[in-house]
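Before any comments, here is the structure.
Derivation of every value follows stated rules applied to the coordinates shown; laboratory data play no part. These numbers come from a predicted model, not from an experiment. Quick reminder, even Gly has a Cβ in these numbers, built from the backbone with ideal geometry, and neighbours come from all protein chains shown.
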Amino acid sequence: MTPAPDPGLSLELRSVTKKYPSKKPSLFSRTSTYINAVNDVTLSVPSGGTLGLVGESGSGKSTLARLILRLEDVTSGDILFSGTSILDATGPDLKRFRQQVQMVFQDPFGSLNPRMSVGELISEAWIVHPEKRPQNPDARLAELMAQVGLRPEWRSRYPGQFSGGQRQRIGIARALAVGPELLVCDEAVSALDVSVQAQILKLLKDIQRDIGITYIFISHDLSVVRYISDHVAVMYLGSIVESGPAQRVYDNPAHPYTQALLAAVPTFQDGKGWDRRPELQGEPPDPTDPPSGCPFRTRCWRAQARCANEKPLLVAHEEDRLTACHFPELRQPAA
């Protein structure tokens, strides 16, 4: 029986899978294998909250973002926004969904047309979605620029006249122009200096506090995700291996992959507790030929025979913490 939508959730993913065909290099090649870029992902994002999605490059984070935005079609599963499936949305319904869900891209320069002024870039959204055009576009443009920390008199300038952090503020203002309910931030601060990252993260938190918007924040930087996220989901080879409240996942990681990611974060003093977990070794396996059983077992220091024969399920080991591991290490971190 399909569970009823939760009215307190902005977004729900139910067993979402995305497969890409992989062909062998042969004259008479036929599609014989598939790459599971996203594999049976189930997630929920509470309205007004922030879900941080972390993992190594190639773990499936950006592919999952494209599926959420309907830039690509899922192979199987369902995605619900505000309780309604978006997979069959077409025409006006799809356009309305894309007003409600916007994206902030990784490259603050490449995502902006260098031939358009700041005012044109932000107000372009009202050309694509004329029903969202405000009664006083100039006043709304000035309001949006001020909201993201830009001077309204800069509206006639071009992207090349701004720093990287200022360009990302332009991108955020452009995304907010149609009044979205959900913002997907795909590595939105990874191209910025550390001090500028902090400014953009604070800006995003301030905006969320003021208007109650929901975020999905994708990053490989665990310290960034810890600062901005309420909940965290850790991806490995297309699957979620651990998820739960951010503070609890960071203070007491249960999956060895999460522990290894945290151990790789540089510190300026001798680590204690979880900082002394073994560091991540080796490269992720070939996604066209993943290991049997647990996909992380070839890099895991706790792997046993069961790990090769049986794939662990993502289940609750304590309260609202989910872990896909046969031998989760759940205990209080060292003081």
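Which FRET efficiency, nearest 0.05, do Ile211 and Leu87 yield, Cβ-Cβ r, R0 35 Å?
0.80
Taking neighbour counts of Cβ atoms within 10 Å as a proxy for exposure, in what order, fewest first, do Asp138, Asp73 appear? Don't skip to the end; give the middle numbers.
Working: Asp138 12, Asp73 9.
Arranged by neighbour count, lowest to highest, Asp138, Asp73 become Asp73, Asp138.
Which entry is the computed Kirkwood radius over Cα pairs in Å for this structure: (i) 25.7; (ii) 21.4; (iii) 20.3?
(ii)
What is the extension gain from Trp301 to Thr288, computed as 0.36 nm multiplied by their sequence separation minus the C-alpha to C-alpha distance, in nm to one decimal? Walk me through the intermediate numbers first.
On the way: separation 13, 0.36 × 13 = 4.68 nm, distance 2.34 nm.
Result: 2.3 nm gained on full extension.
According to the square roots a ≥ b ≥ c of the eigenvalues of the Cα gyration tensor, what is the shape class of region 87-147, taking rounded for a/c under 1.5, prolate for a/b larger than b/c otherwise, and oblate for the remainder?
It comes out oblate by the Cα gyration axes.
What residue among Gln147, Gln304, Gln197 shows peak mean-square fluctuation when the chain is described by a Gaussian network model with Cα springs under 10 Å?
Result for the chain, Cα springs under 10 Å: Gln304 fluctuates most.
Give me Phe81, Phe296, Phe327 sorted ascending by neighbouring Cβ count inside 10 Å, so fewest comes first.
The fewest-first ordering by Cβ neighbours comes to Phe327, Phe81, Phe296.
Once you order the gyration tensor axes a ≥ b ≥ c over the Cα atoms, which shape class does region 22-130 get: rounded for a/c under 1.5, otherwise prolate or oblate by comparing a/b with b/c?
It is prolate, given that a/c is not under 1.5 and a/b is the larger ratio.
Hey, got the dipole for the chain? About the Cα centre, +1 on K and R Cβ, -1 on D and E Cβ, debye to the nearest 20?
480 debye
Name the lysines eligible as straight-distance cross-link partners of Lys18: C-alpha to C-alpha under 27 Å, and not fewer than 8 places from it in the same chain.
Candidates past the 8-residue exclusion: Lys61, Lys95, Lys311.
Can you compute the FRET efficiency between Ser163 and Gln135 using 1/(1 + (r/R0)^6), with r the Cβ-Cβ distance and R0 = 41 Å? Round to the nearest 0.05. Don't skip to the answer; put the middle values down first.
On the way: r = 33 Å, r/R0 = 0.80.
Efficiency computed from Cβ-Cβ geometry: 0.80.
Pull up the DSSP beta bridges for the chain and report the antiparallel fraction as a percent, rounded to 5.
Taking every DSSP beta bridge with both residues in the chain, the antiparallel ones total about 60 percent.
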